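Values quoted throughout were computed directly from the atomic coordinates according to the rules given, and no laboratory measurement underlies them. Since the model is a prediction, treat every value here as computed from it, not as a measurement. Here the Cβ is made from the backbone with ideal geometry for all residues, glycine too, and neighbour counts use every protein chain on show.
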């Protein structure tokens, strides 16, 4: 998805999810956790790998899943805001600054990575690249706080990650 199209779609979805971008209501995340809309997707991925939910509602607006198999480890982020996903190849030494963001068109993928991408694409997710995650948008520093420019990642996925990519 092109940057302009992604930004337009993401902001439209964010306005619906948050109710407002100037005075966001984060309660949609708790409701999404109760509904577990991607449970069946996680079950499908767990057919060939181990899936662990590592979502933290105090900082995430995505389902954050750790995935592991004999061929590797990954972090999959599935936005609660809309159909947006990011897949990271997790480094063996857990050096977060060395995370590799995977995109199906650019990267030579391992077999399990191809399976994960095939499933999330079947579910209608748009894959967000590292560069796209850094598109600047205005969003409050905290609920009810002043507007500030930050990365699109913050609106779609989490406020807690260091965007070292």
Put in order of increasing Cβ neighbours within 10 Å, starting from the fewest, 127, 16, 120, 135 give 16, 135, 127, 120
Contour minus Cα-Cα span, residue 7 to residue 21, at 0.36 nm per residue, comes to 3.7 nm
If the chain between residue 68 and residue 34 were fully extended at 0.36 nm per residue, the gain over the current Cα-Cα distance would be 9.8 nm
Taking a crude spin-label model, label points 7 Å out from Cα along the C-beta direction, the residue 56 to residue 123 distance in nm is 2.2 nm
Summing -39500 (n - 2.57) over every DSSP H run of at least 4 residues in the chain and dividing by its residue count gives a helix-only mean residue ellipticity at 222 nm, to the nearest 500 deg cm²/dmol, of -9000 deg cm²/dmol
Expected sort for 13, 25, 60 with the fewest Cβ neighbours (10 Å cutoff) up front is 25, 13, 60
